[in-house]
Each structure stands twice: as structure tokens, then as C-alpha cells.
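Asks: Next up is a structure, given as C-alpha cells.
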Amino acid sequence: MTADNTTTYCSLLLMRDDGRIYRWRIGLRMFYVLCGVLLLLPLLVGIAGWLTWSFHQDNAPLHAQVRRLEDENRTLHITIRRLANLEQLLDLSENAKLSALQNQQAKRKSAEQSAAPPEVTPQEYAKEPYPGDITGQDAATPPPPTAIPSVDLKNVVVENVQVRRQGNNLRVTLDLLNALQKNQIGGNVNLTLKSASGEIFLLEIPKDVASFRISRLKRAVFVPALPAGAVRNLATSTLVIEIALEERGVVYRNEYPIEQ
């Protein structure tokens, strides 16, 4: 370190193994500044990371709001198209209106018939012989519980289904995938609780929660309340998940066990 009448200097030496020396001569004040910057650098990096995380947290609700507005925009667009079709129908003559309505009802009826096979009522089921009864004493053998037929028309794919009890409620989570991948589809989800004895309980879900409109994938979460009569037999009950599309009727129905 050297000094003159005005400024104090220091020399930084870097010596290699072959004897060559590299020397930097800087002022003492500049040396202190460089040391201070090196000491403050970790603190500055930490502050920058915290600010980045804060901005990300503040930006997440905005992204969620944008997605909600996009869903509402798609819903309004579909509603406008339906109103336009209704306006065209109103402009037709009476005979043309009747013919268009009959064609639409025929298409909907054929879709529902192909979607849902005829269900067997408990009375009709009781009239049939029970397969396990080999003695012919039908009156002594109780009939099996009513079977709910499964449906899968491959329009909607249901994956990652989880059903578990949460207090006096059921928590149901599932993924809905649009198998058509061409147009946006809309419909609603119906949940039914079926006990081992054959009792059926329709679980109430708010209409805005049960309805959906998806282009590719939607993560759905339902928390319906358990009926009073279903709690005692919950361990042996199953949940029937039914998906109904607006113009196709029931396209999916299946039973899932309940995790305790």
C-alpha cells in the first residue's frame, strides 16, 4: 500500500506458479466500495427473489379472473348462437316451425335411447328368479339390490376420481376431458349415493357448480352434504357419477367406492 499527498492506493497482486505476477492498483476508497458491494450482493439477491415471488402471488388472481372471463365469454357466445337460431326459427312459417321442432325432438329422443339402456325397476327385478336360489324358495331369499347400468359413449373421459368423506359431506374430485376435441361441450354432473341395501340418495349440488363447459380439460370439485339416512351405511355405499351433455343426454355413468 502506498500513499501520496492526495490519495491512498493499494495494490492487489495475483501470482501464478510460474512466477508471473498480475497487479491491480486501485484507490483505497474504491477497494472499500468493492468490498461493500460483495457483502451486500447476497442481501440484494434475496430481496430480488422475494419481490419476484410477491409479484407472482399478486398475478395469480389476475390469471384466474382472466380464465373466468374467458369461460363467461365462451358461454355468452354459445348463448348468442342459440338465440340466433331461435330468431331464425321464429321467422319461419308455422308449418316450418312444427317440422323443425319435430326433427329436433326426434334427434334428441334417439340420442337418449342410444345413451341410456332401459333400467330395471325394483319391482321388475324382484319378479325375476334370483340366481343364487337353488331351492326354489324365492320368498325366503331377499332380492339383490337394484343394479344401475353403466354408460360410456366416449364423449367425455372421466379420470382421477377421488371420493372420500369429509365430516358430514362428501368430497368428490375428478377430471373431465373432452374426447371429441373439435367443439366445446357443455353439460352437468349428477351424483347419486347407492347403499348396499339398494337405497338411492340423490346428492344436491348447486346448479352453477354441477354445470360445466370445456374445450379440453376441466378439474371439478364437489362437496355435497350427506343425507341423514346415508351416513350409517356409508362404509358399504358407492357413489354413482353421471355425466349428461346438453344435446346428447347421459353419456357417462359409473360407480366408485368411497374412501373413509
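Asks: When you check Val163 against the structure, is it surrounded by 14 or more Cβ atoms within 10 Å (Cβ to Cβ) and under 15 Å from Glu259 (Cα atoms), yes or no? First the steps, then the outcome.
Replies: Working: surrounded by 14 or more Cβ atoms within 10 Å (Cβ to Cβ): yes; under 15 Å from Glu259 (Cα atoms): yes.
Considered against the rule, which asks whether it is surrounded by 14 or more Cβ atoms within 10 Å (Cβ to Cβ) and under 15 Å from Glu259 (Cα atoms), Val163 comes out as yes.
Asks: From the list Leu203, Leu191, which residue is farther than 15 Å from Val158 by Cβ and surrounded by 15 or more Cβ atoms within 10 Å (Cβ to Cβ)? Explain how you work it out, then say what you get.
Replies: Details: Leu191 fails: farther than 15 Å from Val158 by Cβ.
Testing whether each residue is farther than 15 Å from Val158 by Cβ and surrounded by 15 or more Cβ atoms within 10 Å (Cβ to Cβ) leaves just Leu203.
Asks: Which condition from (1) part of a helix (DSSP H, G or I); (2) farther than 30 Å from Ser211 by Cβ; (3) of a type outside the set (Lys, Arg); (4) touching a residue at least 12 places away in the same chain (Cβ under 8 Å) is the one that Ile26 breaks?
Replies: Tallying (1) part of a helix (DSSP H, G or I); (2) farther than 30 Å from Ser211 by Cβ; (3) of a type outside the set (Lys, Arg); (4) touching a residue at least 12 places away in the same chain (Cβ under 8 Å), Ile26 fails exactly one: (1).
Asks: When you look at Ala179, is it at pLDDT below 90 and out of contact with any Lys or Arg (no Cβ under 7 Å at 6 or more places or on another chain), yes or no? Walk me through how you get there before you give the answer.
Replies: Numbers: at pLDDT below 90: yes; out of contact with any Lys or Arg (no Cβ under 7 Å at 6 or more places or on another chain): no.
So Ala179 fails the test.
Asks: Which one of Asp58, Asp17 is more than 30 Å from Ser215 (Cβ to Cβ), acidic (Asp, Glu) and out of contact with any His (no Cβ under 9 Å at 6 or more places or on another chain)? It would help to see each step written out before you state the result.
Replies: On the way: Asp58 fails: more than 30 Å from Ser215 (Cβ to Cβ).
That would be Asp17, the only listed residue that is more than 30 Å from Ser215 (Cβ to Cβ), acidic (Asp, Glu) and out of contact with any His (no Cβ under 9 Å at 6 or more places or on another chain).
Asks: While we're on this one: If a residue has to be part of a loop (DSSP other than H, G, I, E, B) and hydroxyl-bearing (Ser, Thr, Tyr) to count, how many in the stretch 197-221 make the cut? Talk me through it step by step, then tell me what you get.
Replies: Start the filter on the stretch 197-221 by keeping residues that are part of a loop (DSSP other than H, G, I, E, B), which leaves 197-199, 203-206, 215-216.
If we keep only those that are hydroxyl-bearing (Ser, Thr, Tyr) as well, we get 197, 215.
Residues in the stretch 197-221 being part of a loop (DSSP other than H, G, I, E, B) and hydroxyl-bearing (Ser, Thr, Tyr): 2 in total.
Asks: Can you pull out the residues in the stretch 10-60 that are within 40 Å of the chain's Cα centre (by Cα) and of a type outside the set (A, V, I, L, M)?
Replies: Once the filter is applied, which keeps residues that are within 40 Å of the chain's Cα centre (by Cα) and of a type outside the set (A, V, I, L, M), the stretch 10-60 yields Gly46, Gly49, Trp50, Thr52, Trp53, Ser54, Phe55, His56, Gln57, Asp58, Asn59.
Asks: Determine the pairs where a residue that is farther than 17 Å from Asn188 by Cβ, located within the stretch 211-237, has a partner that is among the aromatic types (Phe, Trp, Tyr) and surrounded by 15 or more Cβ atoms within 10 Å (Cβ to Cβ) with Cβ atoms under 9 Å apart, the partner being 6 or more residues away or on another chain.
Replies: Note: pairs meeting the criteria are Leu226/Phe201; Pro227/Phe201; Gly229/Phe201; Ala230/Phe201; Ser237/Phe201.
The values are calculated or read from the model by the stated rules, or taken from the named source; none is laboratory data. What you are looking at is a predicted structure, and each value in this text was computed from that prediction instead of being measured. Glycine also receives a Cβ, built like all others from the backbone with ideal geometry; neighbour counts cover every protein chain displayed.
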